[in-house]
Amino acid sequence: MRSVAFRFSFYDLALGDKVEAAADLLVDRVTEPSGRFVFRVFFPQPHSPRETTVSALTALGALVEWSSPSLLAIDATDESHARVVASFLQQAEDNGHLMYETGRSS
């Protein structure tokens, strides 16, 4: 089993999940979920408040990781924390600052 770090392109995979991987190191399945939640944020405009958003998220206790100047991954520790983060992200999306999605397919 391996511990998986943040990934921007996988659904149903979160920080700390233990996975089973094939010989080519592609993930076959999660064997032990960490209980953490992932969000992805896209900042559509060059003037989007990126740094302010990141500061607010880290103040909420979220971990963040940039993939590009416009794409940010966010980790929430558990379901309760994920609700707080999702509420913040929804408000920012409603204000036109960003677009977000969860890392869960269902």
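Laboratory data are not the source of any read-out in this text; all were calculated from the coordinates shown. No experiment lies behind these values; they were computed from the predicted model shown. No Cβ is skipped: glycine too gets one built from the backbone with ideal geometry, and neighbour counts run over all protein chains shown.
Only Cα pairs under 8 Å and 6+ residues apart enter the sum, and on that basis the relative contact order of region 2-102 stands at 26 percent. Checking [x] 30, 17, 11; [y] 21, 18, 13; [z] 26, 15, 11 against semi-axes √(5λ) of the Cα gyration tensor in Å calculated from these atoms, the matching label is [z].
With θ taken as phi - 60° and the Karplus curve 6.51 cos²θ - 1.76 cosθ + 1.60 applied, the whole-hertz 3J(HN,Hα) list for region 83-96 is 5, 5, 5, 4, 4, 4, 5, 5, 5, 5, 5, 4, 7, x Hz, x standing for glycine and proline. Applying 1/(1 + (r/R0)^6) with R0 = 25 Å to the Cβ-Cβ distance of Leu63 and Asp28 gives a FRET efficiency near 0.45. One chain, two ends: Met99 and Glu20. Fully extended at 0.36 nm per residue, the span grows by 25.3 nm beyond their Cα-Cα distance. Here the extension length gained between Phe10 and Ser55 equals 13.7 nm, from 0.36 nm per residue of separation less the Cα-Cα distance. Fewest-first ordering of Glu101, Glu51 by other beta carbons within 10 Å of each residue's beta carbon gives Glu51, Glu101.
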